[in-house]
């Protein structure tokens, strides 16, 4: 059996009521979406459509840059904290309450994302920020 990474960005669609049987490829990089549907009947069945979907996906990934750095790994112009992978987030609670956190995010391995939040109310603004920076540094392996 092939690994899960072989079908990255590919989903099987089977809807008997509409006669939809095939593979859907959906990718997104820096807000740009790429997608295409591969019907079984157009590619000689399940295997043929899957091979075509993988080939198209691989070509798109090659074109947009397999090794392109993700937003969490490079400083974005939208970053206001000055630290890659650290952002201030606000979450709405019951009865209109708003809670503020400093959040650290990182990718321990391809396709996997981790994050942790530190409450500004509990730790204070500066300490919550410093805890997020430390968590990001430790989580990202450096």
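Remarks
Condition check ((1) part of a helix (DSSP H, G or I); (2) more than 30 Å from residue 6 (Cα to Cα); (3) modelled with pLDDT under 90) across all residues:
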site	(1), (2), (3)
79	no, yes, yes
83	no, yes, yes
89	no, yes, no
100	no, yes, no
105	no, no, no
117	no, yes, no
122	yes, yes, no
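- Total residues in segment 1-51, condition assigned to a loop (DSSP other than H, G, I, E, B) and touching a helix residue (DSSP H, G or I) at 6+ places or on another chain (Cβ under 8 Å): 4
- Tallying residues that are under 28 Å from residue 8 (Cα atoms) and outside any loop (DSSP other than H, G, I, E, B) within segment 124-142 yields 4.
The values are calculated or read from the model by the stated rules, or taken from the named source; none is laboratory data. These numbers come from a predicted model, not from an experiment. As a convention, Cβ positions derive from the backbone with ideal geometry for all residues, glycine included, and neighbour counts pool all protein chains shown.
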